[in-house]
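**Q** Handing you this structure, nothing more for now.
FYI, it's all coordinate maths here, none of it is from the lab. Model, not experiment: these values are computed from the prediction. Note: ideal-geometry Cβ built from the backbone for every residue, glycine included; neighbour counts use all protein chains shown.
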Amino acid sequence: VITTAYKASSLDKNNLSDLIKKAADKDPLIRYWAVTGLLALGEQARSATPVLTATLRDKEVYIATVAAEALYKLGDKQPALEYLFKAIKDTSAMIRVQALNALQVATPGELKQVRQVLVAISNNKSEYDKKAATFLLQHLQ
């Protein structure tokens, strides 16, 4: 795990092939760090788009959410938004917060599709997702 986390945070394109390989590892922590590394590499990870798209089906929602954020930033917005719009409805506040944070890069036009969901979340008791949803709603104005 530590080796993959180190490679993920190094921003070294030379680690790309290893990160792509580790994105399918059986250990979810290794998958998380690998996908996080692909997100961090940004445009340099464009060749990982098929892997990131497949990762949207990861059983660990926190990993799939990182993949969605990476896809969005690579310009593959539709599947990313579909996933994130679903994730903000998750029963876990932490998953909602992670998805809401990923949506900070979305345009107001994109966010309008989930305005009512954001309003509902902004009325939640959980402070974290409430604040994240309120921030996105302010972005809509």
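**Q** Among the aspartates and glutamates, which fall within straight-line cross-link reach of residue 22, defined as a Cα-Cα distance under 20 Å, with same-chain neighbours fewer than 8 residues apart omitted?
**A** 12, 43, 58, 60, 69
**Q** Here's something else I'd like to know. Compute the separation of the alpha-carbon centres of segment 119-137 and segment 1-67 and state it in Å as a whole number.
**A** Centre-to-centre distance over Cα atoms comes out at 29 Å.
**Q** Report the trypsin sites (Lys or Arg not before Pro) located in segment 100-130 that are in a DSSP loop and have at most 13 other Cβ atoms inside 10 Å of their Cβ, or state none.
**A** In loop regions of segment 100-130 (DSSP not H, G, I, E or B), the sparsely surrounded trypsin sites (Lys or Arg not before Pro) are 125.
**Q** With +1 on the Cβ of every Lys and Arg and -1 on the Cβ of every Asp and Glu, and nothing else charged, how large is the dipole of the chain about its Cα centre, in debye rounded to the nearest 20?
**A** Here the chain has a charge dipole of around 220 debye.
**Q** Ok, one more. Would you list which lysines come within 25 Å of residue 26, measuring only between C-alpha atoms, while excluding same-chain residues fewer than 8 positions from it?
**A** Reachable lysines: 7, 13, 59, 86.
**Q** Springs between alpha-carbon pairs under 10 angstrom, Gaussian network model over the chain: which of 29, 84, 100 fluctuates most?
**A** Residue with maximal mean-square fluctuation among 29, 84, 100: 29.
**Q** Can you bin every Cα-Cα distance in the chain into 5 Å intervals starting at zero and give me the percent of pairs per bin, rounded to whole numbers?
**A** 2, 12, 22, 20, 18, 13, 9, 5, 1, 0
**Q** Need one number: nm distance between label points at residue 1 and residue 115, each 7 Å from Cα along Cα→Cβ, rounded to one decimal.
**A** Result for the modelled spin labels: 4.3 nm.
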